[in-house]
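All of the numbers you see were taken from the coordinates with simple rules; none came from a lab. Quantities reported herein were computed from a predicted structural model and do not represent experimental measurements. Here the Cβ is made from the backbone with ideal geometry for all residues, glycine too, and neighbour counts use every protein chain on show.
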């Protein structure tokens with residue numbers, strides 16, 4: 001099948017999926033989960049073939065992302081069951097008003113329609129995205145990375161057999177048949193079929209989508225997140241938060257990349273920070289964090305002198321750029337220039353500084369005295385996440401089931417004319 | 001100034017505008033309105049120059065759109081005052097939850113940032129769009145049609161002097177300096193500055209924006225709207241609604257273009273429809289409606305035989321395509337294939353047919369027993385309208401002040417880490 005044919009099948013079935021009842025969608029999801037578990041061996045064999053094919057061309061971190069195990073397949077099935085247990089956003093009446101002329105206007109939540117998701121090497125995104133799309137009434141068209149193609153195909157095939165086992169059309173979940181660039185471009189430009197495109201992956205993928213997409217697209221992911229330690233910060237809280245935001249999982253988009261420190265506390269705080277992030281971590285057997293300091297911070301704690309580029313880099317690693325600023329206003333100016341508008345935090349006990357910061361910083365999530373690592377669908381109480389939007393149109397921050405829906409107006413009258 | 005410089009100025013002032021208080025924005029709006037009235041003569045002179053320049057190259061309908069008068073300038077000023085009186089959406093807390101770990105999550109409404117609006121020959125859009133953008137905390141960058149360039153410049157200059165008179169920066173409202181295609185393309189591709197692009201105008205403009213825009217864009221406007229007269233319709237209601245939807249203002253996007261009639265009532269209804277839309281209107285001195293009938297309708301009432309293209313045409317004129325269908329299911333299938341998903345209506349006294357129709361039709365506004373002409377910001381109670389979205393991302397149907405905003409999460413903690 002060609003990508004065009006896959007898209008035609010997706011479009012053909014979208015009205016049927018939009019009208020499925022919650023129980024029917026949940027039955028489909030549970031059948032998909034059961035089929036994944038039942039076909040674990042087939043999936044693992046496909047995954048081994050993927051791993052053999054990449055051979056030594058891929059580093060260990062990437063290989064670990066690609067690798068599946070019995071436990072990981074179980075976790076994928078469990079993930080689908082958790083989506084089944086979430087409330088169904090479709091059909092919810094968002095608002096209802098009666099106009100002076102008697103018209104009754106209801107704003108009702110509806111699926112987007114056909115949602116395309118372009119992702120990279122994690123095969124588990126295949127089941128994750130399929131489940132979220134289906135629960136929110138959307139037909140998905142998936143396009144995974146070429147390294148994981150065999151794994152993704154095996155996962156999709158299993159889930160489709162699950163759908164068939166409960167009498168549901170297999171075309172509720174779809175994958176494009178090739179992993180060439182042309183296939184991705186076809187998704188990005190299918191304006192008569194794709195209602196929403198979500199790229200999930202590195203900065204290169206995201207910017208290719210933003211550049212080339214003619215279909216509505218969500219800019220996701222890239223996070224150059226800041227933590228600003230204010231003059232009125234509780235320095236112990238600041239240490240805990242900076243360490244957590246930087247080092248608890250440096251490869252994710254909500255990890256901190258830049259620490260700004262108020263000049264008023266820099267002489268006290270920076271030596272504490274250096275000890276906590278390097279010596280203490282080293283002593284505890286944890287990877288120490290490399291500090292890249294601007295001239296002023298370097299003058300206080302030495303280390304490595306930062307380049308300008310270090311303040312515009314998503315390190316995704318145990319590296320932190322450090323800069324001394326005059327006050328909250330300079331912190332705000334720096335963040336507005338360098339942030340990707342994902343997540344930024346202030347550490348302060350001064351309510352006025354906090355107020356200034358939260359009003360001025362225009363990011364999806366703005367924190368006072370908490371770690372940027374909380375920007376996550378689960379932590380926000382959405383129950384799941386298809387991605388984190390860093391644009392302002394449609395949805396911002398973690399996108400759950402509700403963010404995969406649109407609305408329509410349903411208007412009841414008794415003959416009103418204008 | 002170049003378009004690039006205009007964009008840079010807009011970006012530079014957006015944080016200041018985002019933080020303005022409601023009273024400050026209202027004071028700015030009232031000053032803009034007063035300045036428009038004070039400079040009516042200058043604006044009318046510029047408008048005369050525009051009209052002279054187009055000469056006989058423009059038809060009368062278009063010339064009427066372009067023409068200003070003292071009354072029209074007053075109406076523009078009054079429009080700005082009405083926007084000032086509307087509630088300010090910015091800063092509104094949409095939701096607030098406390099998470100089990102004590103984090104307090106607020107979802108707060110914020111401006112989009114820089115909003116670009118590309119429009120055609122109506123100079124009044126200049127004041128209308130500027131007022132809506134400013135009230136919703138957005139810096140606007142306007143790009144009007146070349147035929148109205150002098151008028152739009154005069155309107156903008158007056159409004160900017162109004163801003164200056166109350167100490168506000170003129171760069172809160174901006175216009176690109178040229179009306180070439182290159183200027184429009186620069187707006188469409190300014191991904192580091194433009195947070196939202198709204199095209200207002202004909203199908204050509206809209207599709208150029210959807211094709212070329214790399215910035216987030218709203219597809220607006222085009223309306224191939226249907227009214228389906230069901231077997232269980234009250235035929236008098238149906239006549240009133242079809243006439244109103246078609247003929248009360250045929251040049252607008254919420255006007256009906258296609259009437260579908262259930263086979264069960266076609267023999268009775270179509271002769272009534274023909275009389276109402278042609279003979280009665282002619283007798284009353286109103287423009288009669290040309291009926292373009294499919295073969296079956298033609299067999300009943302004659303008239304003009306429709307081509308296939310007539311069911312995919314936004315006539316924007318006193319022309320109605322008419323087709324006989326078997327039942328509500330065939331009506332739904334036809335609409336899903338031919339609708340632009342703007343506004344579609346069913347006329348029926350059968351709640352089941354109404355339920356089927358409203359559930360299945362995936363348009364911004366779906367009506368039961370009312371005219372499609374109600375799809376309008378004012379009629380929906382939004383108080384105003386920047387355009388009508390026919391896409392599903394972000395906003396659907398009439399877009400008012402709230403639809404010109406995004407949200408951000410503001411999270412307060414006391415040291416939480418993950």
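Just counting partner chain Cβ atoms within 10 Å, what average do the residues of peptide A:243-250 show around their Cβ?
Partner Cβ neighbours, averaged per residue: 1.
Write down the percent of antiparallel bridges among all DSSP beta bridges whose residues are both part of chain B, to the nearest 5.
30 percent
Could you give the angle, 0 to 90 degrees to the nearest 10, between helix B:263-274's Cα long axis and the longest principal axis of the Cα atoms of chain B?
The answer is roughly 80 degrees.
Rounded to whole angstrom, how close does the nearest chain A beta-carbon get to the axis mapping A onto B, and which residue is it?
Residue with the nearest Cβ, plus whole-Å distance, for chain A: A:394, 2.
Please state, as a whole number in µm²/s, the translational diffusion coefficient that the Stokes-Einstein equation yields for the protein assembly as shown at 20 °C and 1.002 mPa s, with Rh defined as the Kirkwood radius across alpha carbon pairs.
Rounded, D is 74 µm²/s.
Return the single residue from B:385, B:296, B:403 with maximal mean-square fluctuation; model: Gaussian network over chain B, springs between Cα atoms under 10 Å.
Answer for the Gaussian network model of chain B: B:296.
Run through the other copies and list how far each one's label point is from that of residue A:207, in nm with one decimal, shortest first; the point sits 7 Å from Cα along Cα-Cβ.
Those separations, rounded to one decimal, come out as 3.2 nm.
Based on the mean of other Cβ atoms within 10 Å per residue, sort peptides A:409-418, B:37-46, B:366-375 so the most packed one is first.
Working: A:409-418: 19.8, B:37-46: 17.5, B:366-375: 27.2.
Peptide ranking by packing, descending: B:366-375, A:409-418, B:37-46.
Over the range B:198-315, what is the mean sequence separation of C-alpha contacts under 8 Å (at least six apart), divided by residue count, expressed as relative contact order in percent?
21 percent
Could you give the angle, 0 to 90 degrees to the nearest 10, between helix A:70-85's Cα long axis and the longest principal axis of the Cα atoms of chain A?
Result, in degrees: 70.
Quick one: grab Rg to one decimal and Dmax as a whole number for the range B:370-418, Cα atoms only, in Å.
Cα-based Rg and Dmax for the range B:370-418 come out at 17.1, 56 Å.
Given the C-alpha centroids of the range A:26-82 and the range A:274-298, what is the distance between them in whole angstrom?
Here the answer is 37 Å between Cα centres.
Report the calculated FRET efficiency for residue A:275 and residue A:203 (r = Cβ-Cβ distance, R0 = 30 Å), to the nearest 0.05. Please list the in-between numbers first.
Details: r = 33 Å, r/R0 = 1.09.
FRET efficiency, residue A:275 to residue A:203: 0.35.
Show that you can apply the helix-only estimate: for chain B, add -39,500 (n - 2.57) for every DSSP H stretch of four or more residues, divide by all residues, and state [θ] at 222 nm to the nearest 500.
Result for chain B, helices only: -13000 deg cm²/dmol.
At a 10 angstrom cut-off on C-beta neighbours, averaged per residue, how do the peptides A:148-160, B:235-247 rank from highest to lowest?
A:148-160, B:235-247
Just the number, please: percent antiparallel of the DSSP beta bridges in the protein assembly as shown, rounded to the nearest 5.
About 30 percent, rounded to the nearest 5.
To the nearest whole number, what is the average tally of beta carbon atoms from other chains within 10 Å of the beta carbons of peptide A:99-109?
Across the residues of A:99-109, the mean count of other-chain Cβ atoms within 10 Å is 3.
How far is residue B:189 from the same spot in each other copy, in nm, shortest first, if each label point sits 7 Å from Cα toward Cβ?
Label point to label point, same position, other copies: 1.6 nm.
Could you give, in nm with one decimal, how far residue B:284 is from each other copy of that position, shortest first, with labels 7 Å out from Cα toward Cβ?
Once sorted, the set of distances for residue B:284 reads 8.1 nm.
Could you work out the mean count of beta carbons from other protein chains within 10 Å of each residue's beta carbon in A:356-364?
Partner Cβ neighbours, averaged per residue: 4.
Which order do the peptides B:96-109, A:177-190, B:126-139 come out in when sorted by mean C-beta neighbours inside 10 angstrom, highest first? All intermediate terms of the calculation are to be shown ahead of the outcome.
On the way: B:96-109: 14.9, A:177-190: 17.6, B:126-139: 27.3.
Most protected by this proxy first, the peptides run B:126-139, A:177-190, B:96-109.
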